[in-house]
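The values are calculated or read from the model by the stated rules, or taken from the named source; none is laboratory data. Just so it is clear, the model here is predicted, and its values are computed rather than measured. Heads up, the Cβs are rebuilt from the backbone with ideal geometry, glycines too, and the neighbour counts pull from every protein chain shown.
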Amino acid sequence: MNEALPDFGFDQYKNSTYYFARTLNFEKYPIYEDLHVNFSLKEGIISCSVSSCFNPTYRFTGSYQSGILNNHFDLLTLKRGTGIAPIVQAYYFHNGRVNTTAETIKTLVNDFSTVGMEFLESRFASLSSNLLLNFGLAFIENISTNKEQLKEEFQEELKSAEYVTSRIKHPMYLELKEKLQSIPNQTKELRQLIPGFAFSLIEMYYENNGM
């Protein structure tokens, strides 16, 4: 795998999943790009996904995301262009034998080298022109509130909001959300992401000590 994907080194093995990673930099922020390969010998299937995250908290999880700050998509979904598929198209299949498993891995690597890398490169290329992202990052750079205190406040807010981010009433969140919504010429799709994006920015601030 490492020979086929020289930019992505093996990072770790956890919960039946192999993680291959590389780190890029967008201005002062590292962006963690990961290939997740979940191998099941018993089921005879391999699932594969691709993630690109600003917040390292979401690197090694099985949660798919399509937000502005963190992205995580199934590789075959990216290849098909749709999330709806019969079971025979949802996984890479193998029979446990060396030769057939090697062929399946070869197909997976080829898909990642084409579709997966196209997704990652397109996302990275779009960052500098994303007005919402750049405004949001500038906003959290000016936060001076104690991180532990802010985390506690937001945990209480989330609980009160029944974990629906758009219902959060914290003054910092409301200020950031309002400022993001006031940025002109945003598509309807991007505007719909603003409530979750505003929370994700503040969450990234209070969860990472190096920020």
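Points to keep in mind about this one:
- Of the residues making up the range 184-204, those that are more than 20 Å from ALA161 (Cα to Cα), part of a helix (DSSP H, G or I) and not acidic (Asp, Glu) are LYS188, LEU190, ARG191.
- Residue match in the range 151-158 (condition: over 27 Å from LEU24 (Cα atoms), touching a helix residue (DSSP H, G or I) at 6+ places or on another chain (Cβ under 7 Å), surrounded by fewer than 18 Cβ atoms within 10 Å (Cβ to Cβ) and of a type in the set (S, T, N, Q)): no
- Filter result (in contact (Cβ under 8 Å) with a residue 40 or more places away in the chain and under 19 Å from the mean Cα position of the chain (by Cα)) within the range 90-117: ASP111, PHE112, SER113, VAL115, GLY116
- Check on GLY81, surrounded by fewer than 16 Cβ atoms within 10 Å (Cβ to Cβ) and either within 18 Å of the chain's Cα centre (by Cα) or within 30 Å of ASN134 (Cα to Cα) (or both): yes
- Filtering THR145, THR101 for residues that are of a type in the set (Val, Ile, Thr), surrounded by 15 or more Cβ atoms within 10 Å (Cβ to Cβ) and out of contact with any Lys or Arg (no Cβ under 6 Å at 6 or more places or on another chain) leaves a single hit, THR101.
- Within the range 12-52, the residues that satisfy the criterion of being surrounded by 13 or more Cβ atoms within 10 Å (Cβ to Cβ) and among the charged types (D, E, K, R) are ARG22, GLU33, ASP34.
- Counting the residues of the range 168-202 that are more than 22 Å from the chain's Cα centre (by Cα) and modelled with pLDDT of 95 or more gives 12.
- Checking PHE135, PHE154, PHE93, PHE124 one by one, the residue that is of a type in the set (A, V, I, L, M, F, W, C) and under 22 Å from ALA21 (Cα atoms) is PHE124 and no other.
- Evaluation of SER144 against (1) among the small types (Gly, Ala, Ser); (2) outside the structural domain of ASP34 (by TED's automatic domain parsing); (3) under 28 Å from SER47 (Cβ atoms) (one fails), failing number: (3)
- ILE46 in contact with a Cys (Cβ under 9 Å, 6 or more places away or on another chain) and not in a loop (DSSP other than H, G, I, E, B): no
- For VAL109, the criteria (1) among the β-branched types (Val, Ile, Thr); (2) surrounded by 13 or more Cβ atoms within 10 Å (Cβ to Cβ); (3) outside any helix (DSSP H, G or I) hold in every case but one, which is (3).
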